[in-house]
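Visitor: Below are the structure tokens for one structure; questions will follow.
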Amino acid sequence: MILLPRSVRLYVATAPTNLHRSFEGLSNEVRTVLRGDPLSGDVFLFLNRRRTQVKMLMWTRGGFTIVHKRLERGCFAFPAAVSADAVSVAIDAHELAMLLEGLELGKQRSAVRWDPALPIRPLARAERPVAREERVAGATRS
């Protein structure tokens, strides 16, 4: 699980990328192709041609971080809302999680939120937990 602040923007490159590249190669890809700033703290995702691997490049305090994931089966689902002339697509953190798990972004629906089946009722006197002070006071009385 990758925790990112809400202020961080996530960009997925639409064109396949040579994932043999490392820190310098991917940061140059961000500058030249995506027209972004790799030092901004944003996260940039790159997929290979077969969409079986993804690399995430981000600038953290003091240096670049790369996260590389390879699927043993299947391929990563690319965001569907991509125009032909777009060089990158902005996605949300939950879309990133779905992409990394191999789920298709457009076909999933939100999970049902917790809904208590039984109404909450106050505890009766016999069911009420005994506080530590009451146990200590009861022991000294006997």
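The values are calculated or read from the model by the stated rules, or taken from the named source; none is laboratory data. Since we're looking at a predicted model, the values are computed, not measured. With ideal geometry, Cβ positions are generated from the backbone for all residues, glycine too; neighbour counts draw on all protein chains shown.
Visitor: Return the pairs, sorted by first residue and then second, in which the second residue is among the hydroxyl-bearing types (Ser, Thr, Tyr), the first residue lies in the range 11-31 and is over 16 Å from residue 69 (Cβ atoms), the beta carbons are less than 6 Å apart, and the residues are 6+ apart or on different chains.
Guide: Close Cβ pairs (under 6 Å, with a partner that is among the hydroxyl-bearing types (Ser, Thr, Tyr)) amount to 11/88.
Visitor: For the range 1-68, list the strands (runs of 3 or more DSSP E) that sit wholly inside it and hold at least 2 residues that are among the β-branched types (Val, Ile, Thr) and over 14 Å from the mean Cα position of the chain (by Cα); which are they?
Guide: The strands (runs of 3 or more DSSP E) meeting that bar number zero.
Visitor: Going through 39, 26, 47, 34 one at a time, which residue ends up being in contact with a Phe, Trp or Tyr (Cβ under 7 Å, 6 or more places away or on another chain) and modelled with pLDDT of 95 or more? Break it down into steps so the answer makes sense when it comes.
Guide: Values: 39 fails: modelled with pLDDT of 95 or more; 47 fails: modelled with pLDDT of 95 or more; 34 fails: modelled with pLDDT of 95 or more.
Step by step, each of 39, 26, 47, 34 is checked, and only 26 is in contact with a Phe, Trp or Tyr (Cβ under 7 Å, 6 or more places away or on another chain) and modelled with pLDDT of 95 or more.
Visitor: Only residues that are out of contact with any helix residue (DSSP H, G or I) (no Cβ under 9 Å at 6 or more places or on another chain), at pLDDT below 85 and of a type in the set (A, V, I, L, M): list them for the range 57-86, please.
Guide: Within the range 57-86, 80, 81, 82, 84, 86 qualify.
Visitor: Looking only at the range 34-46, count how many residues are under 15 Å from residue 86 (Cα atoms) and surrounded by 16 or more Cβ atoms within 10 Å (Cβ to Cβ). Give the steps one after another, and end with the answer.
Guide: Initially, the range 34-46 is screened for residues under 15 Å from residue 86 (Cα atoms), giving 34-36, 44-46.
Those left that are additionally surrounded by 16 or more Cβ atoms within 10 Å (Cβ to Cβ): 34, 36, 44-46.
Here the count works out to 5.
Visitor: Do you know which residues across the range 48-65 are polar (S, T, N, Q) and either surrounded by fewer than 16 Cβ atoms within 10 Å (Cβ to Cβ) or in contact (Cβ under 8 Å) with a residue 40 or more places away in the chain (or both)?
Guide: Let us first name the residues in the range 48-65 that are polar (S, T, N, Q), namely 48, 52-53, 60, 65.
Matches in the range 48-65: 60, 65.
Visitor: A follow-up question, please. Can you pull out every residue in the range 1-48 that is out of contact with any helix residue (DSSP H, G or I) (no Cβ under 8 Å at 6 or more places or on another chain), of a type in the set (Lys, Arg) and closer than 22 Å to residue 95 by Cβ?
Guide: 9, 35
Visitor: Separate question: Give the range 1-33 a look and list any residue that's acidic (Asp, Glu) and surrounded by fewer than 19 Cβ atoms within 10 Å (Cβ to Cβ), or say none.
Guide: Step one: filter the range 1-33 for residues acidic (Asp, Glu), giving 24, 29.
Result: 24, single match.
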